[in-house]
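Step one of this worksheet: look at the structure below.
The values are calculated or read from the model by the stated rules, or taken from the named source; none is laboratory data. Keep in mind that what you see is a predicted model, and the values were worked out from it rather than measured. Glycine gets a Cβ as well: all are built from the backbone with ideal geometry, and neighbour counts include every protein chain shown.
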Amino acid sequence: MARVATGAAPQPRWWPPLVTAGAVALVLWSWAGTGIDVRALLAGEALRHVAAYVARLFPPDLSPAALSDAARGAWETFAISLVGSALAVALAVPLGLGATRTLYRGPLAEARRPGPARMALGVALVGLVRVILAVCRTVPEIAWALVFVFVVGLGPFPGVLALGIHTGGVLGKLFAEVLEDVDPRPLEALQAAGAGRAGIVLYGILPQALPQLVSYALYRWEVNIRAAAVLGFVGAGGLGQRIHVAISLFHEQQLLTLILAVYVMVTLVDGLSAWLRARLA
Amino acid sequence: MAWPAVPSPASPGRPRLSRLLVLALGATFVLALREAEVDPRLLLQPEARANVARFVAGALPPRLDADFIAFLARPVAETIQISVMGMVLALAIGLPLGMLATSSLTWRGILHEQAGGPVRRLLALLPWGLARGTLSVFRSIPEYVWAFMFVRAVGLGPFPGVLALGVAYGGMLGKVYSEILEGVDPQPLEALHAGGAGRSGVVLYGLLPQALPHLVSYTLYRWECAIRASAIMGFVGAGGLGQQIELSMRMFQFDEVLTLLAVLLLLVATVELVSGYIRARVVG
């Protein structure tokens, strides 16, 4: 029987029911485990608590003192996110290059006829860098922040380090993917013309990959402005620290001012980053 | 002198970043560097070295006795459960709001061409704008801030974590859903419309079949993020692994911290694998 070629791969028949059953089981198990009482929820118990809390938030504290405090916190958070993202890029470029497999095996490497020892060294290097990147990005920013607060003390600097390490891991992986994905023909041409590995990276790979790298870095900056607003919870400065204090001391109206500051700043950075990306693309 | 028009791949006809802008960005960066109190010497001073040594000495070997491993089962399960229930709530919030925020569903394009006069179309803008505004507020406040507030509102435990994930991720899902729904190929919709299909027919047979794989794929991707987030939200008292990490860190039990971080690493890697496998099949 002739089969009509379709765009999608043919799906095995057991697939949808199995996944559906698995999803339903997962939800039921989670429902039981989190102990969410739907009746209490529908009776409005929880909603009443939330509503009462929200009512206490209003009106926001718009006194000059509260506003200037929120502005200082916002600027500190902005600074942490910017410097942290820069540190992340500084880490991600060398680590990303170290994790780029096409540099150590495949046609680019084989053309140089490396001995088995050098080949093994390349493979080991890629593996090691990939493990480092995985550890950096899997440990959440806030856990890194806890560690760095312990090491260098309170303040914005541990926040910068935490963002830099975590985001460095995320960007390093993304960068390696981009660097592996470039069009290989210019690289082969460079190699045929006698360029070494550094020359191939500088004149073949980076120019092709740059717009994508910048775009990823800007995207992660958007993520980091949110993260930086939270790191203060563990003592790493910025709006988070002020939010933590306001919540702990039941200063709800100041809390709303600070949350509004987070909202405004996140929206501004999203806009700025989108604008920069559109210009650079 | 006129240059031949060579299409530049960098920026066809658009202005590059001006020197002024680069200068402004540079100045901002220098100011930010000072504000962030960046001082690499802090990392090398004797006190920091002693702290690192204390941390490493305390963390090695990680705590792997049977008691602790058995004890870990509960926070791990709780982390997964919070992420799943949070995603259920996020879907319940994001799907309806996302559909309302889709301009092609509420006021623009093929579905609305002959639907009423300008007043009716203006009225349809109202829910669209409200939905977009709500989604924007939901997703712009980080989930940990939501979690912290919900802990205050409904008490400690997994429930505030579920609420926080649901609200923050509902906002993200809703926005991306509306982008996916607006981005579908309009031609099949027009064909259905021309063939006499009603509004629900166009949505059911034209819009959803095109959008569904992308909706499912993005939802799964968000679930990966939700696991990580639910582990972290514990830091503010919303249950799961994070609460344990925070506790062990505060008690200087670094051998427990190391085990907990390794478990978190394993959990996230497993979820990435499972979700990546399903996503590859769905979008295929």
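Descriptive notes on the structure:
- Within region A:174-185, being more than 11 Å from the chain's Cα centre (by Cα) and surrounded by fewer than 23 Cβ atoms within 10 Å (Cβ to Cβ) holds for A:Glu177, A:Val178, A:Glu180, A:Asp181, A:Val182, A:Asp183, A:Pro184, A:Arg185.
- Members of region A:37-53 that are at pLDDT 75 or above, surrounded by 11 or more Cβ atoms within 10 Å (Cβ to Cβ) and at the interface with chain B (Cβ under 8 Å from one of its Cβ atoms): A:His49, A:Val50, A:Tyr53
- Comparison of A:Leu161, A:Leu146, A:Leu154 shows that the only residue that is more than 12 Å from A:Ala227 (Cβ to Cβ), crowded, with 23+ Cβ neighbours inside 10 Å and more than 7 Å from every other protein chain (Cβ to nearest Cβ) is A:Leu161.
- Scanning region A:231-281 for residues that are β-branched (Val, Ile, Thr), in contact with a helix residue (DSSP H, G or I) (Cβ under 8 Å, 6 or more places away or on another chain) and surrounded by fewer than 16 Cβ atoms within 10 Å (Cβ to Cβ) yields A:Val264, A:Thr267.
Matching residues to (1) without any contact (Cβ under 8 Å) to a residue 40 or more places away in the chain; (2) more than 14 Å from chain A (Cβ to nearest Cβ):
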| site | (1), (2) |
| --- | --- |
| B:Ser178 | no, yes |
| B:Glu182 | no, yes |
| B:Val202 | no, yes |
| B:Gln210 | yes, no |
| B:Ala226 | no, no |
| B:Gly239 | no, no |
| B:Ile245 | yes, no |
| B:Leu267 | no, no |
| B:Arg279 | no, no |
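- Matching residues, region A:188-218, being under 25 Å from A:Leu128 (Cα atoms), over 28 Å from the mean Cα position of the chain (by Cα) and buried (at least 16 other Cβ atoms within 10 Å of the Cβ): A:Ile200
- B:Pro61 satisfies every condition listed in (1) in contact (Cβ under 8 Å) with a residue 24 or more places away in the chain; (2) in a helix (DSSP H, G or I) except (2).
- Whichever residue in region A:57-80 is without any contact (Cβ under 8 Å) to a residue 12 or more places away in the chain and either surrounded by 16 or more Cβ atoms within 10 Å (Cβ to Cβ) or within 14 Å of chain B (Cβ to nearest Cβ) (or both) and, among such residues, is farthest from A:Val223 (Cα to Cα): A:Arg72
- Some residue of region B:16-34 being surrounded by 15 or more Cβ atoms within 10 Å (Cβ to Cβ) and assigned to a helix (DSSP H, G or I): yes
- A:Ile225 vs. criteria facing another protein chain (nearest Cβ under 10 Å) and modelled with pLDDT of 85 or more: yes
- Scanning region A:114-155 for residues that are small (Gly, Ala, Ser), within 22 Å of B:Leu43 (Cα to Cα) and not in a helix (DSSP H, G or I) yields A:Gly153, A:Gly155.
- Considering residues of region B:131-162 that are more than 7 Å from chain A (Cβ to nearest Cβ) and more than 21 Å from the chain's Cα centre (by Cα) only, the residue surrounded by the fewest Cβ atoms within 10 Å (Cβ to Cβ): B:Gly155
- When we screen B:Leu261, B:Leu247, B:Leu267 for residues that are of a type outside the set (S, T, N, Q) and under 27 Å from B:Val216 (Cα atoms), the only hit is B:Leu267.
- Residues in region A:43-56 that are part of a helix (DSSP H, G or I) and free of Cβ contacts under 8 Å to residues at least 60 places away in the same chain: A:Ala43, A:Glu45, A:Ala46, A:Leu47, A:Arg48, A:His49, A:Val50, A:Ala51, A:Ala52, A:Val54, A:Ala55.
- Any hit, region A:244-252, residues being at pLDDT 85 or above and polar (S, T, N, Q): no
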